[in-house]
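The values are calculated or read from the model by the stated rules, or taken from the named source; none is laboratory data. Since this is a predicted model, take the numbers as computed values, not measurements. Neighbour counts are summed over all protein chains in view; Cβ atoms, including those assigned to glycine, are modelled from backbone coordinates with ideal geometry. With ligands, DNA and RNA removed, areas are computed over all heavy atoms of the protein, side chains included. Shrake-Rupley method; radii C 1.70, N 1.55, O 1.52, S 1.80 Å.
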Amino acid sequence: MDFADPARVDRQIEETAQGLTRWRQRLRDTPAAAQEHDPFVGRRGISTRAALQSAQSLPDSLPGKDAIARWIAFLTIERVTLEDLVELETTRRAANHVVQRLGRQAWSLRDLGLEAVMHPDPERRALASDGLVWRADDVSSNALWWQARRHEAAIQLGLASLAELEAPFAPDTHADALASIVLDETEDLARDIIGKGKAWHDALALGVASDALEGWPSKLTARWLQELFGDTPMLQGLKIAPGTLPPARNGASFARAMTRFGAALHRAAARALCPMFTLSQQPYDAAPASYGALFASLLATPAFLRRRLGLGAATTLPHQRAIARALLIGLRLTAAKTVVASRENDTAAREAHASWVSRAICASAPGDLAGLLPRYEPRSAAFLAGAIAGATLRDELTSSFDEDWFDNPRGQARLREVDVTARLLVSEAQARAGAKAALRFLGEPFR
């Protein structure tokens, strides 16, 4: 790999990253087909320890030196753990589990998890949850093996830890500390909303906002997202690419779509300011995640519900409560997942799952589901930092431009002013401020 031409290196990293993204989508859709294709064929030179060392030896004066090194570290870890991810997704999506009390059909563990959390009938959810727990061992073990392999790969690559790459936290700030801050601040509200004595699957079911019924289109598409904001200066000249959107199952589906839209807006604005891919689009970046959290929160903002979704006085508050509850549970789960992802071996990860996820949902989470439900997610720390920063950003926008900042040209222009020169890192003090801001916003409809 020749590092004499940084622009060429930047292009190769971009091509490799885009190829990996396409392959990941194929893996989600058809795992068997993804096994036949290696996204790193012809691109291995940009994903090795030698390449990382070469990047680290570049002049400190070179713009984007650290970003290039981070990308190479990311791609290298992805490449060396690719087979572990394939094994996980193959077993997670294999429809070879028959649960007699659910009928004769064969289930994948992924679909059993969806049934346990999203089905409207509590008895059906209980049957699916029991079937899932009894059959979770292989997939849970594969997920935690992949996690442990990623930690090991980071050390072998020469990083101090995997957190050095994945966790956008200020120096000497750790996952447990930030997660504790978020859970502590939102504990009382969570207990009031979730209640006591619920089974884990019923607690999670409260987080999908199935009772947010009004204002949605029949199908969730990128066009719908564009139409919500398409005539505003905020999107002018930008190519917004939110990626594959989830099916329109419930209110949480639309919140996820808004999250992807917000992150895509940040990435597009950054690319418009800086053509260098490695500098404008960084792995495990909390800044796009902060925009994602900001835009998801619009679905619990009364002004947005009235003006954009057309809700009336009778439906606005129930919808606001449903989405706020989903966002609260999602925030707390993200905090717990960040802790689980920080553990370097399966035993520690299972212990963290049992304690932290149980606390997050105010219900006992089976240890057998560690890494499966909720899924192990390498981006958890970035999502947590983004949620914290997004809550603070929402407060700033509301203070400056009122609740309808999304309709204010100056508020829209503010979102175009992204910083590509410095990585967003969250400290404990910022976490406390962000968690308090999130609590004020999410608690408002329940007062």
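Can you tell me how many residues in the stretch 378-403 are open to solvent by 40 Å² or more (accessible area, probe 1.4 Å) and of a type outside the set (Lys, Arg)?
So the answer is 9.
Output the residue which, of all residues in the stretch 342-362 that are open to solvent by less than 10 Å² (accessible area, probe 1.4 Å) and touching a Phe, Trp or Tyr at 6+ places or on another chain (Cβ under 9 Å), is nearest to Lys436 (Cα to Cα).
Going residue by residue through the stretch 342-362, those that are open to solvent by less than 10 Å² (accessible area, probe 1.4 Å) are 349, 352-353, 357, 360-361.
Checking which are touching a Phe, Trp or Tyr at 6+ places or on another chain (Cβ under 9 Å) leaves us with 349, 357, 361.
Working: Ala349: 28, Val357: 21, Ile361: 19 Å.
Filtering the stretch 342-362 for residues that are open to solvent by less than 10 Å² (accessible area, probe 1.4 Å) and touching a Phe, Trp or Tyr at 6+ places or on another chain (Cβ under 9 Å), the one nearest to Lys436 (Cα to Cα) comes out as Ile361.
Just for the stretch 239-277: of the residues that are under 18 Å from Ala209 (Cα atoms) and of a type in the set (Ser, Thr, Tyr), which one is farthest from the chain's Cα centre (by Cα)?
Once the filter is applied, the top-ranked residue is Ser253.
Which condition number does Ile193 fail, the rest of (1) of a type in the set (Val, Ile, Thr); (2) assigned to a loop (DSSP other than H, G, I, E, B); (3) modelled with pLDDT of 95 or more being met?
For Ile193, the failing item is (2).
Kindly indicate whether any position in the stretch 16-32 is open to solvent by less than 80 Å² (accessible area, probe 1.4 Å), without any contact (Cβ under 8 Å) to a residue 24 or more places away in the chain and either in contact with a strand residue (DSSP E or B) (Cβ under 8 Å, 6 or more places away or on another chain) or in a loop (DSSP other than H, G, I, E, B) (or both).
Taking every residue of the stretch 16-32 in turn, at least one turns out to be open to solvent by less than 80 Å² (accessible area, probe 1.4 Å), without any contact (Cβ under 8 Å) to a residue 24 or more places away in the chain and either in contact with a strand residue (DSSP E or B) (Cβ under 8 Å, 6 or more places away or on another chain) or in a loop (DSSP other than H, G, I, E, B) (or both).
Kindly indicate whether any position in the stretch 378-390 is on the phi > 0 side of the Ramachandran plot and at pLDDT 95 or above. Show your work before the answer.
Restricting attention to the stretch 378-390, the residues satisfying the condition of being on the phi > 0 side of the Ramachandran plot are none.
No; the residues of the stretch 378-390 include none that is on the phi > 0 side of the Ramachandran plot and at pLDDT 95 or above.
Quick one: how many residues across the stretch 289-331 are outside any helix (DSSP H, G or I) and of a type in the set (S, T, N, Q)?
Final tally of qualifying residues: 1.
Of all the residues that make up the stretch 123-148, how many are without any contact (Cβ under 8 Å) to a residue 40 or more places away in the chain and open to solvent by less than 20 Å² (accessible area, probe 1.4 Å)?
Going through the stretch 123-148 one residue at a time, the tally reaches 1.
Looking at the structure I just gave you, is Asp66 open to solvent by 60 Å² or more (accessible area, probe 1.4 Å), in contact with an Asp or Glu (Cβ under 8 Å, 6 or more places away or on another chain) and over 26 Å from Val41 (Cβ atoms)?
no
Say whether the condition of being surrounded by fewer than 23 Cβ atoms within 10 Å (Cβ to Cβ), in a helix (DSSP H, G or I) and among the acidic types (Asp, Glu) is met by at least one residue in the stretch 227-237. Write out each step before concluding.
Filtering the stretch 227-237 for residues surrounded by fewer than 23 Cβ atoms within 10 Å (Cβ to Cβ) gives 227-237.
Right, trim to in a helix (DSSP H, G or I) and you get 227-229, 233-235.
Then drop every residue that is not among the acidic types (Asp, Glu), which leaves 227.
Checked the stretch 227-237: at least one residue is surrounded by fewer than 23 Cβ atoms within 10 Å (Cβ to Cβ), in a helix (DSSP H, G or I) and among the acidic types (Asp, Glu).
Tell me which residues, restricted to the stretch 69-108, are open to solvent by 20 Å² or more (accessible area, probe 1.4 Å), more than 29 Å from Glu14 (Cα to Cα), of a type in the set (Val, Ile, Thr) and in contact with a helix residue (DSSP H, G or I) (Cβ under 6 Å, 6 or more places away or on another chain).
Thr91
I'd like to check something: does the stretch 365-379 contain any residue that is of a type in the set (A, V, I, L, M, F, W, C), part of a loop (DSSP other than H, G, I, E, B) and more than 16 Å from the chain's Cα centre (by Cα)?
yes
Give me the pairs, please: first residue somewhere in the stretch 421-438 and hydrophobic (A, V, I, L, M, F, W, C), second residue anywhere and part of a loop (DSSP other than H, G, I, E, B) and open to solvent by 50 Å² or more (accessible area, probe 1.4 Å), beta-carbon distance under 9 Å, and either six or more positions apart or on two chains.
Filtered contacts from the stretch 421-438: Leu425/Pro171.
Condition test on Ser280, is it touching a residue at least 40 places away in the same chain (Cβ under 8 Å) and within 17 Å of the chain's Cα centre (by Cα)?
no
What pairs can you find where one residue is in the stretch 312-333 and over 17 Å from Ala293 (Cα atoms) and at pLDDT below 95, the other is aromatic (Phe, Trp, Tyr) and not in a helix (DSSP H, G or I), and their Cβ atoms are less than 6 Å apart, with a gap of 6+ or different chains?
none
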